[in-house]
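Following: one structure in structure tokens, then a few remarks.
Nothing in this text is a laboratory measurement; each read-out follows from the coordinates by a stated rule. On a predicted model such as this, the values are computed, not experimentally measured, just so you know. When we count neighbours, we look across all protein chains shown, and the Cβ atoms used for this are built from the backbone with ideal geometry, even at glycine.
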Amino acid sequence: LSQLFRPLDLLGTVYRTVRQGVIDMGAMFDLLDVEAEVVDAPGAQDLAVRDGAVRFEDVRFGYDPDRLILKGIDLDVPAGGTLAVVGPSGAGKSTLARLMYRFYDPTGGRITIDGQDIATVRQASLRAAIGIVPQDTVLFNETIGYNVAYGRKGASADEIHRAASGAAIADFVATLPDGYDTRVGERGLKLSGGEKQRVAIARTLLKNPPILILDEATSALDSRTEAEIQETLERIERGRTTIVIAHRLSTVVHADRIVVLDAGRVVERGTHAELLRRGGIYAEMWARQQAEREEVLAAE
Ligand code: ATP
């Protein structure tokens, strides 16, 4: 009989957690101990990261087989380099990040890390090598310390503190009467968008992965917070292969490689200056965002 109730129990746990609104996708998979769409191939080996070079080779993908979202993407991010992906809403930018983390497998082409097709390696080893700072970090209804430590279970108090310092949230935590034991979420402290993102950055610092995916928040932060977070992110990018999914162009001006995605294809590539000279989609997006930014700055 207990066999019968176990799935029900599990469902209850999932339901309660989802109801609290404090779950992220990775945690959901951990909780269920199942993988979303993909399974390890029999005899799959662990990914061996040497220096973390990432390549997309003619990657095709659709959530629905009848509607391709990515229509043959080629990308090359050398070890330790940064690639910024920009483009209109719905172009497929976040989908690239989901494929990298293997929430789904491409329907055509392949993604490699140091020459190894990520579809052939053990998912746990792939996910251990990649840190994601997602668009909207959803925190557990737990303490700040727990939420940071989620980056690496079993981290010491000292390591948690150092990660929080690196993410520039330690000073904020120090102002709370219960410090790292302060509960966040429904029954505790409400964190702002910027603070939540810093918790996600601290988690990533603790995980210390060779490859980073930064999926920039779409929700607008005020320009000072945005600049501060940007500075923190630039610091953690050093020495790691980084893919930045940028929804605002102000954060990619200094990227050495920018690709513009439109309707599932790479339509432009280059540096900020090259893309402006080209006078294409990027230049158009830049002009529009500059105008919007001036309005916001005038209002602040
Ligand atoms: P934005 O800048 O608005 O975040 P994006 O470029 O990141 O957009 P994606 O989130 O990658 O775009 O979405 C690309 C397309 O895939 C969109 O048309 C979207 O509706 C569709 N899509 C995204 N997620 C799913 C899903 N889980 N199931 C079905 N379609 C999806």
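General observations
- Each Lys and Arg contributes +1 and each Asp and Glu -1, all at the Cβ; summed about the Cα centre of the chain, the dipole is approximately 260 debye.
- Segment 148-300, Rg to Rh (Cα coordinates; Rh as Kirkwood inverse mean 1/r): 1.03
- Listed by chain and number, the lysines whose C-alpha is less than 18 Å from the C-alpha of Lys207, apart from same-chain residues fewer than 8 away, are Lys153, Lys196.
- Leading residue at positive end of dipole, the chain (Cβ point charges), from Val244, Val85, Ala119: Ala119
- Computed over segment 85-235: relative contact order in percent, which uses C-alpha pairs under 8 Å that are six or more apart: 30 percent
- Listed by chain and number, the lysines whose alpha-carbon sits under 23 Å from that of Lys71, ignoring those within fewer than 8 places in the same chain, are Lys93.
- Estimated from helices alone, the mean residue ellipticity of the chain at 222 nm is -12000 deg cm²/dmol (sum of -39500 (n - 2.57) over DSSP H runs with n ≥ 4, per residue).
- Cα gyration tensor shape for segment 63-176, rounded if a/c is under 1.5, else prolate or oblate: prolate
- Pairs of alpha carbons in segment 109-203 whose separation is greater than 17 Å (percent): 54 percent
- Averaging the Cα positions of each part gives two centres, and for segment 236-300 and segment 162-188 these lie 32 Å apart.
- Cα gyration tensor of segment 194-268 - equivalent ellipsoid semi-axes, whole Å, descending: 21, 16, 11
- With contacts taken as Cα pairs under 8 Å at a separation of at least 6 residues, segment 163-300 carries a relative contact order of 17 percent.
- Taking max minus min of the alpha-carbon positions on each principal axis, the chain gives extents of 64, 52, 36 Å, largest first.
- Based on Cα contacts under 8 Å between residues 6+ apart, the chain shows a relative contact order of 23 percent.
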